[in-house]
Structures are given as structure tokens and as C-alpha cells.
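Taking it in order: structure first as C-alpha cells, then the write-up.
Please treat every number below as a calculation from the coordinates, not as lab data. Here the structure is a predicted model, which means the values were calculated and not measured. Note that each Cβ is placed from the backbone with ideal geometry, even for glycine, and that neighbours are counted across all protein chains shown.
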Amino acid sequence: LRLLAALAACSHTSCRCGTLGRVLGRTARERWWKRRAVELRICFPLLEMLERSPDQPTTSDETVVAGGTVVLKCQVEDPDDSSLQWSNPAQQTLYFGEKRALRDNRIQLERSTPNELTISISDVVLSDEGEYTCSIFTMPVRTAKALVTVLGIPQKPQIFGHEQPIDEEKIARLTCRSSGSKPAAQLRWKKGNKELKAEGTEVVEDPNGKTFTVSSRVEFRVTKEDNDAEVTCTVDHESLQNSERSTTQKLQVHYKPTAKIEPHPLYPREGEKLQLQCDGQGNPVPQEFLWEKEGSDAPLQLSSDSILIFPFLNKSDSGTYVCTATSSMGSVVAKYNLDVSDASPVPSTSSTYHAVIGGVVAVIVFLLLSLLIVLGHYLIRHKGTYLTHEAKGSDDAPDADTAIINAEGGQAGGDDKKEYFI
């Protein structure tokens with residue numbers, strides 16, 4: 001009875017829980033601990049259960065990204081023949097049952113029954129944020145609140161401070177800025193694949209009083225290897241839904257030039273043409289080249305041309321040549337030791353052609369001579385070995401007629417001369 005009387009005397013939840021703790025405890029310290037235990041484990045769930053009524057509407061808080069759609073649902077177990085109503089933060093009625101009360105085409109009725117009233121708001125803007133009220137007109141009128149939180153989408157970040165080239169070994173100071181986020185977004189840096197630690201972050205409220213502009217600064221010392229390196233600023237925010245927005249900029253780093261001398265041809269000889277090219281690299285690229293020969297007082301060439309030409313090499317051209325390449329970041333010296341070799345005869349094209357023709361003619365003559373020798377040997381071996389019929393029969397005949405007769409009929413009885421060629 002004491003507990004119920006104490007609870008009845010307080011209308012606020014914290015007052016009721018504090019009273020419950022004092023009633024259950026005897027000493028001050030014990031009462032303090034009892035009050036904490038009651039609040040955490042007993043009091044609030046108990047009061048929620050006691051205050052819950054079949055005709056008490058229930059809602060839930062919602063979070064939506066600007067431009068999206070939010071759905072507000074209100075339910076009641078026992079409507080007691082009463083209708084549910086939704087009101088906006090300005091206490092304007094949106095829907096009373098299934099009847100539209102506010103002319104806003106973004107607000108649509110999703111479901112209307114005696115136990116439920118569900119509406120949706122599309123193309124949500126930041127001004128739609130606030131507490132929406134679901135009411136049921138019983139005796140007394142019961143209400144439930146639904147807090148709608150609208151997330152502001154951060155804009156694509158911008159990087160400042162990279163507009164001018166940075167000299168090597170100097171400090172690069174870059175700033176990344178993104179506006180329109182709600183709540184304030186987080187910014188992070190990368191140079192290539194390496195994370196950069198921000199030097200400081202600043203959050204400023206936008207003029208609309210709802211979103212924020214976030215700025216982040218980063219500083220690091222640059223080297224010539226950082227030339228054309230990509231620096232990325234990425235914004236992280238819950239409204240991006242596991243995606244990210246980032247901006248990448250390339251650094252321009254000025255550094256001292258380098259140079260080396262390359263000869264063309266690689267092995268110069270006396271009487272040939274030679275070009276010495278001073279290959280200068282750097283950012284910016286060297287624009288002035290000074291050619292000198294060690295031991296000589298006067299410079300050989302000073303111009304923007306990096307090539308020194310020798311139209312006709314002499315032995316006297318041997319020596320050490322020096323190229324000084326200069327840019328706005330300084331000068332660099334390259335040396336080349338020229339050693340002119342003796343001239344070597346090189347067969348001309350016409351001589352080579354004649355040699356080929358002569359070789360072909362020699363082969364043809366050799367083949368013809370070989371053929372003549374074989375043919376002559378064959379003719380000599382066969383000379384006088386083949387006789388006519390008349391010659392065969394005239395050896396033993398006293399006259400011509402007998403010789404003819406012997407030649408025609410006497411061949412079978414005579415000794416034939418045969419010769420075999422092996």
C-alpha cells in the first residue's frame with residue numbers, strides 16, 4: 001500500500017522509480033543502490049507494462065536519407081471504435097483514418113484499418129525531420145511519438161592547395177572540404193596506397209542550420225618521387241550506404257634536373273659524323289645546355305638545343321666534353337670522354353655488287369669447262385669402235401658385190417666386235 005501510494009503521488013517516470021527505490025531501502029546508501037537497481041532492472045519495464053493499455057497506439061522511430069522515402073506505421077490493439085490520426089511536427093494533420101487532411105502529394109496512404117494507419121513520405125527533405133504524432137481519440141486521447149531523422153548527403157569533397165607545383169623537400173599543405181552532411185561526415189586521406197594522418201578537422205554549421213561543412217588538413221614533406229603521385233580525399237557517411245565519395249588530385253613536384261650524354265654512333269671513328277646528345281630530365285625539363293671541352297677556354301655551344309654535332313671527326317676532337325643542363329631548379333653537369341678511332345675501309349655498295357656478279361660468272365664458266373672435258377673424254381673413248389655393214393663385209397671380199405653380200409648374210413658366221421662401256 002505504501003508503494004502504491006508513493007507511485008500514485010508521482011506522475012513522472014523518474015519520480016516513480018526514485019520513490020520505489022526509497023521505499024525499498026532503509027539506509028541512505030542502501031536506498032541509493034536500491035534505486036539504481038530498480039531503475040535499471042525493475043522500474044522502467046514495470047512502469048511500461050503498467051502504463052501499456054490495449055488502446056495505446058505504438059510507433060517506431062525512423063531514419064531516412066534525404067531524397068528517400070520514409071514509412072510511418074501506427075498500430076493499436078483495441079481502437080474502441082475510434083480512428084487513428086497522423087500529424088507532422090508542426091501539428092498539422094496528415095491523415096485522419098483514410099482521409100487525407102494535408103494536400104501534399106509526397107504523403108500517401110499505405111494502409112488504413114481500425115487497428116493500423118500507415119503512411120509514406122517520399123522525396124524527404126531536411127525540413128521533414130522531427131517528431132510525428134499518432135493519436136487515437138479515446139477518453140482520454142492517447143498519443144505516440146515517432147522521431148524521423150533525415151540524413152543529409154555530403155557533397156563530393158574538394159581538395160585545395162595543389163594548384164601550384166611544390167618544390168622537393170618542401171611541406172605540402174592540402175585541405176579537403178565537404179558540405180551538406182548531417183550529421184557531420186568523416187574525411188580520410190591517402191597518398192597512393194598509403195594512409196595519411198590528418199593534422200586537424202573543422203566542422204562548421206551550414207547557413208540552413210541543419211547540415212554541416214567538414215574540413216580536413218594534411219601536411220607532408222614531398223620528394224621527387226611524389227611527382228604525379230595521387231592524393232585522395234574520401235568522405236565517409238552513413239547516408240552513403242556502404243559506398244563512398246572521393247576526389248583524387250595529382251601532385252606536381254619541382255625537383256633538380258639530371259643529365260647524361262649519349263653518342264650516336266656508339267663507337268665513333270675518324271672521318272665519320274658524330275652527335276653527342278645531352279639527355280636532361282627533371283621537372284621542369286632543362287631548357288638551357290652549355291657544351292664545353294676540358295682544356296678549352298671558349299665554350300663550344302650555348303643554346304636550348306641539347307645536341308652537339310661533329311660533321312667530320314678528327315683525331316684532334318678526342319677529349320672530355322662537358323654538358324651543363326640548367327632549369328629553374330638548378331644545374332647539373334654530365335661528362336663524356338671521346339676517343340676517336342682510326343678509320344676503317346668499308347666496302348662500297350657498287351664494289352659488293354660487282355663481286356657478286358663476278359662470283360656468278362666464275363661458277364658458270366667452271367660448269368661449262370667441266371661439261372666440255374667430260375664430253376671430250378667420251379668422244380675419245382668411242383672413236384673407231386663402230387663400223388658400217390660395208391666395212392664389216394669388205395675385210396675378206398675380193399670385190400664390192402661380194403662385200404655387200406657378206407655384209408647382209410655373213411654376219412651370223414663372223415666374229416662380232418662388241419664393246420661394253422663400264
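Multiplying the residue separation of Q164 and L147 by 0.36 nm and removing their Cα-Cα distance gives an extension gain of 1.3 nm. In order along the stretch 89-102, the Karplus-derived 3J(HN,Hα) couplings, from 6.51 cos²θ - 1.76 cosθ + 1.60 at θ = phi - 60°, round to x, 7, 6, 8, 6, 8, 9, 10, x, 9, 9, 6, 10, 10 Hz, and Gly and Pro are given as x. The phi-based Karplus calculation (6.51 cos²θ - 1.76 cosθ + 1.60; θ = phi - 60°) puts the 3J(HN,Hα) values of the stretch 155-160 at 6, 4, x, 10, 10, 10 Hz, whole numbers, x for Gly and Pro.
A simple spin-label model places pseudo-atoms 7 Å from Cα toward Cβ; at E195 and L266 they are separated by 5.0 nm. Here the 3J(HN,Hα) profile of the stretch 162-174, calculated from phi with Karplus coefficients 6.51, -1.76 and 1.60 at θ = phi - 60°, is 9, 5, 9, x, 10, 6, 4, 6, 9, 8, 8, 10, 10 Hz, Gly and Pro shown as x. All other residues whose Cβ lies under 15 angstrom from that of K293 are scored, Lys and Arg at +1 and Asp and Glu at -1, for a net of -3. Multiplying the residue separation of E225 and S341 by 0.36 nm and removing their Cα-Cα distance gives an extension gain of 37.7 nm. Close amide-amide hydrogen proximity is noted between E110 and T118, I119, S120, each under 5 Å apart and 5 or more residues distant or on a separate chain (H modeled in the peptide plane; Pro and chain starts excluded).
In this simple spin-label approximation, D279 and T113 carry label points 7 Å from Cα along the Cα→Cβ vector, and these lie 8.2 nm apart. Taking a sphere under 14 Å around the Cβ of S122 and counting the other residues whose Cβ falls inside, with K and R at +1 and D and E at -1, yields a net charge of -4. Charging the Cβ of each Asp and Glu at -1 and of each Lys and Arg at +1, and nothing else, the dipole of the stretch 143-294 about its Cα centre rounds to 760 debye.
When the stretch 43-148 is described by a simple charge dipole with +1 on each Lys and Arg Cβ and -1 on each Asp and Glu Cβ, the residue from T138, Q108, Q75 located farthest towards its positive end is Q108. Extension gain for S53 to N105 (0.36 nm times residue separation, less C-alpha to C-alpha distance): 15.3 nm. Using bins 10 angstrom wide from zero, how does P(r) for the stretch 182-247 break down, in % of all Cα pairs? Answer for the stretch 182-247: a P(r) of 18, 44, 27, 10, 1 percent.
Apply the Debye scattering formula to the stretch 77-178, with a single equal point scatterer on each alpha-carbon and no solvent, then give log10 I(q)/I(0) at q = 0.10, 0.18 Å⁻¹. For the stretch 77-178 at q = 0.10, 0.18 Å⁻¹, log10 I(q)/I(0) is -0.45, -0.89.
In this label model, D80 and D317 are separated by 11.3 nm, measuring between points 7 Å along each Cα→Cβ vector. Taking amide H as placed 1.01 Å from N in the peptide plane, the amide H of T211 sits under 5 Å from that of D206, each at least 5 places away or on another chain. Note on the stretch 236-278 and the stretch 282-302: Cα centroid distance 22 Å, given to the nearest whole angstrom. In this structure, the residue pairs whose Cα-Cα separation is over 21 Å, taken from K191/K260; K170/K194; K293/K315; K273/K315; K190/K250; K170/K190, are K191/K260.
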